[in-house]
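Colleague: Pasting a structure here, questions to come.
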Amino acid sequence: MNEKSAQSYYRLLPGIAYFCYLKKSEMYRTHTCGELSISNKGEKVILSGWVQRSRDLGGMTFVDLRDRYGITQLVFNMEMNAALCMQARKLGREFVVQVSGLVAERSSKNMKLATGEIEIIVEDITVLNTSDIPPFTIEDNTDGGDELRMKYRYLDLRRQNVRSNIILRHRMAQEARRYLDGQGFIEVETPVLIKSTPEGARDFVVPSRLRNGEFYALPQSPQTFKQLLMVAGFDKYFQIVKCFRDEDLRADRQPEFTQIDCEMSFIHQDDILNMFEGLARHLFREIKGLVFGEEFPRMPYEEAMRRYGTDKPDIRFGMCITEITAAVRGRNFPPFDSAEYIGAISATGCGGYSRKQLDELTDFVRRPQIGAKGLVWARVDADGTMKSSADKYFSADDLLKIAGLADAAAGDMVLMLAGEREKTLTALGELRLEMGRQLGLRDSTVYAPLWVVDFPLLEWDEETGRWYAKHHPFTAPKPEDIQFMESDPGRVHANAYDLVINGTEIGGGSIRIHDPETQSLMFRTLGFTEEEAQKQFGFLLNAFRFGAPPHGGIAFGFDRWTAIMGGSDTIRDFIAFPKNNQARDVMIDTPATIKQEQLDELGLVIRKEGK
Ligand code: ASP
């Protein structure tokens, strides 16, 4: 019988009661499908689960029965019980069945499976429910494409590897709660229907039915509420909370995501870093069994940019950026002579890269996302002599000097980029990551956390010609820099910090402004009028007039942190019901239109395209 006919067999025979509800007194199972071992040999057991697959081998039929806990092999013997064996042969994939039988030792054991030493010699079988043929195979290596699996996410979640990601997430949440509760934090829920928060992304809005023309905004984070909780004297707050940001689509970004959001009173920056380094250590220990001996490095933003070309350096490997501008300018090599900045990395052991590989790297740096104009290379041969793509312009001494600055030895390849300082550093940072990838230095089983500190408070935006808060407008400037707030805003550093793991920003936060004068100064610098500031954040500014304690906090991207702990950079795999990269939920098919009645109630008119 082929699969399709097996699958529909039970439906085609109306006379057969093909599924049943057990009487209240009978139990569905005595054990789970992941539980039985050789020590249960000879026991009579009842199991319930899904048929993962069945195989007919000669006179025997083997069925893999699956539930959340594992897989147990069922065996049916034609000689011993032909009717039962025939019944087993007709089970379709994903049928829900209950079996009773005897635990027996397997003749050929599968030591990869927890239950691999035993099988159940089935004595009785009940079909609890049938199933349509699933649209993809529900096994670790499935044949289903992304979109199909998203549409049938509940089936995808039956796969052991997907389920284990969700279980990892659960454990992360429990352990975060355990640590924070142990440190005296109080978990407080904050509202979801609010008004704009200061993270600076676009809001999702919800129209009000009771007040047509007015809208709630969904929180980009509970930022203002957690600060109000500090004013309220809660002292230590946390929440594992959904946040919403209507940002442009990018691979692996979700419009709704989860933060571990935290705030503390009467603390300095060091207290926060120590407290949350504690959280990171706790999670690494409990989830990964990893203990970090050393303190997490604390790297100033300026150093991260200068040596890694990014504010989230991947410090699993070296290959840091060195500036070589002074050493190579003025050799009549136009790309270098016209550049504000020239930087290099030394790709360890890449001296043997072929023409083709170097061309590919040139293509890589020229991609619009990277934006470099070209790549100049210089390799150090085994005898210490050097060869470069710009040989014509550089003497042997020049090349040796470059190698010296970039710390390149025999067998290494120096890769150089030139241009405007910041852009070139960013491009070198990308090139460094690419080389790290090519050289296998970005091992997902190695974890290298660090704190990036001393961020600039403000960021100049060319397009709008004004300063923006790099973090958000409640971030405190470093006291020693406040004097420059009006005269030279770009020079002001913030008491802000990020936790970075393996080149990914896992969390960020800051010490907050808690006095009205500094807050007004900040709003003025950001170009807010007094009225605008009052309109948007008046409730917080008012609260600050009633004795706001010094406070600060941090929020961690929970989806991303879980993904990293799972050795992946795809957050979607760690969210039970994610959106696709078009921000759609293809399972429930949303966003979707709503009924005219609903629009009327909300006082909304949908503009037809082009009007
Ligand atoms: N609310 C900030 C964010 O979501 C984090 C913080 O400052 O605590 O980025």
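Colleague: Report, to two decimal places, the Cα Rg of segment 91-204 normalised by 2.2 N^0.38 Å (N = number of residues). Numbers along the way, then the final one.
Modeller: On the way: Rg = 22.2 Å, N = 114, 2.2 N^0.38 = 13.3 Å.
Expressed relative to 2.2 N^0.38 Å, the Cα Rg reads 1.67.
Colleague: Can you tell me what share of the DSSP beta bridges in the chain is antiparallel? A percent to the nearest 5 is fine.
Modeller: Details: 92 of 99 bridges.
That works out to approximately 95 percent antiparallel.
Colleague: For the pairs K236/K535; K356/K470; K373/K478; K242/K373, note any where the Cα-Cα span goes beyond 30 Å. If you can, show how the numbers build up before the last one.
Modeller: Numbers: K236/K535 28 Å; K356/K470 41 Å; K373/K478 38 Å; K242/K373 42 Å.
Correct reply: K356/K470; K373/K478; K242/K373.
Colleague: Using the count of nearby Cβ atoms within 10 Å as a rough guide to exposure, how do L604, L74 rank from fewest to most?
Modeller: Details: L604 12, L74 24.
Listed from fewest to most nearby Cβ atoms, that is L604, L74.
Colleague: Also, quick follow-up: Can you give the Rg and Dmax of segment 206-326 based on its C-alpha atoms, in angstrom?
Modeller: Gyration radius and largest Cα-Cα distance of segment 206-326: 19.9, 67 Å.
Colleague: Still on this structure, please answer the following. Take segment 410-464, compute every pairwise Cα distance, and split them into 10 Å bins from 0; I just need the percent in each bin.
Modeller: Result returned by the calculation: 16, 33, 35, 14, 2.
Colleague: Report Rg (one decimal) and Dmax (nearest whole number) for segment 366-460, counting Cα atoms only, units Å.
Modeller: Cα-based Rg and Dmax for segment 366-460 come out at 16.3, 50 Å.
Colleague: In addition: If one computes P(r) from the Cα atoms of segment 283-335, what percent of pairs lie at distances over 12 Å? Could the numbers behind the result be given before it?
Modeller: Details: 1041 of 1378 pairs.
Of all Cα-Cα pairs in segment 283-335, 76 percent lie more than 12 Å apart.
Colleague: Using just the Cα positions, wrap segment 352-405 in a convex hull and report its mean projected area in square nanometres, one decimal place. Before the final figure, lay out the partial values.
Modeller: Working: hull surface 17.2 nm².
Value for segment 352-405: 4.3 nm².
Colleague: Diagonalise the Cα gyration tensor of segment 331-376 and give the resulting equivalent ellipsoid semi-axes, square root of 5 times each eigenvalue, largest first, whole Å.
Modeller: Each semi-axis is √(5λ); the values are 20, 15, 10 Å.
Colleague: Dipole of the chain, Cα-centred, from +1 at each Lys and Arg C-beta and -1 at each Asp and Glu C-beta, to the nearest 20 debye? Show your work: numbers first, answer last.
Modeller: On the way: 77 positive and 89 negative charges, 393 e Å.
Using Cβ point charges on Lys, Arg, Asp and Glu, the chain gives about 1880 debye.
Colleague: Another question, then. Return R432, R306 ranked ascending by Cβ neighbour count within 10 Å, so the fewest neighbours appear first.
Modeller: Final ranking by Cβ density, sparse to dense: R306, R432.
Colleague: Report the one residue of L375, H472, I118 whose Cα lies farthest in the direction of the positive end of the charge dipole of the chain (charges on C-beta: Lys and Arg +1, Asp and Glu -1; origin at the Cα centre).
Modeller: With unit charges placed on the Cβ atoms, the residue in question is I118.
Colleague: Each residue of segment 329-338 in order: what ³J(HN,Hα) in whole Hz does its phi give by Karplus 6.51 cos²θ - 1.76 cosθ + 1.60, θ = phi - 60°, with x for Gly and Pro?
Modeller: 7, x, 10, 6, 9, x, x, 7, 5, 8
Colleague: Still on this structure, I have one more. Could you grab the relative contact order for the chain? Cα pairs under 8 Å, six or more apart, rounded to a whole percent. Provide the component values of the computation, followed by the final result.
Modeller: Details: 1147 pairs, mean separation 77.1, N = 611.
The value is 13 percent.
Colleague: In µm²/s, what is D for segment 441-520 at 10 °C and 1.306 mPa s, where D = kT/(6 pi eta Rh) by Stokes-Einstein and Rh is the Kirkwood radius from Cα pairs?
Modeller: Values: Rh = 14.0 Å.
Diffusion coefficient, whole number: 113 µm²/s.
Colleague: Determine, at each q value in 0.13 (inverse angstroms), the log₁₀ of I(q)/I(0) that the Debye formula gives when each Cα of segment 18-156 is one equal point scatterer.
Modeller: -0.56
Colleague: Which whole number of Å³ per residue matches the convex hull of the alpha-carbon atoms in segment 307-436? Before the final figure, lay out each step's value.
Modeller: Working: hull volume 12.1 nm³, N = 130.
Measuring per residue, one finds 93 Å³ for the Cα hull of segment 307-436.
Colleague: Filter the cross-link list K44/K109; K423/K579; K226/K595; K109/K579; K151/K423 down to pairs whose alpha-carbon distance in this structure exceeds 30 Å.
Modeller: Numbers: K44/K109 20 Å; K423/K579 32 Å; K226/K595 37 Å; K109/K579 41 Å; K151/K423 41 Å.
Long pairs (Cα-Cα over 30 Å): K423/K579; K226/K595; K109/K579; K151/K423.
Colleague: Could you state the per residue volume, in Å³, of the convex hull enclosing the Cα atoms of the chain? Intermediate values should be presented prior to the final figure.
Modeller: Numbers: hull volume 158.1 nm³, N = 611.
Cα convex hull per residue, to the nearest whole number: 259 Å³.
Colleague: What nm value, rounded to one decimal, do you get for the distance between M80 and D589 when each label is placed 7 Å out toward the C-beta?
Modeller: So the label points at M80 and D589 sit 4.8 nm apart.
Colleague: Could you work out the Kirkwood radius for segment 392-544, taking every pair of different alpha carbons, averaging 1/r and inverting it, reported in Å? Before the final figure, lay out each step's value.
Modeller: Numbers: mean 1/r = 0.0522 Å⁻¹.
That comes to 19.2 Å for segment 392-544.
Colleague: Just how many % of Cα pairs in segment 116-171 lie over 14 Å apart, if you round to the nearest whole percent? Numbers along the way, then the final one.
Modeller: On the way: 1018 of 1540 pairs.
The calculated P(r) of segment 116-171 puts 66 percent of pairs beyond 14 Å.
Colleague: Tally Lys/Arg at +1 and Asp/Glu at -1 over every other residue whose Cβ is under 15 Å from the Cβ of R209; what's the total?
Modeller: On the way: positive: R211, K595; negative: E214, E597, D600, E601.
Value of the local net charge: -2.
Colleague: Which of rounded, prolate or oblate describes segment 507-611 when judged by the alpha-carbon gyration tensor and an a/c cut-off of 1.5? Write down the numbers at each step before the final one.
Modeller: Numbers: a/c = 2.90, a/b = 1.29, b/c = 2.25.
It comes out oblate by the Cα gyration axes.
Colleague: Quick check: convex hull over the Cα atoms of segment 143-230, volume per residue in Å³, rounded to an integer? Let's see the in-between values first.
Modeller: Details: hull volume 15.3 nm³, N = 88.
Normalising the Cα hull of segment 143-230 by residue number yields 174 Å³.
Read the figures in this text as sums done on the coordinates, not as results from a lab. Since the model is a prediction, treat every value here as computed from it, not as a measurement. Please note: Cβ atoms are built from the backbone with ideal geometry, for glycine as well, and neighbour counts cover all protein chains shown.
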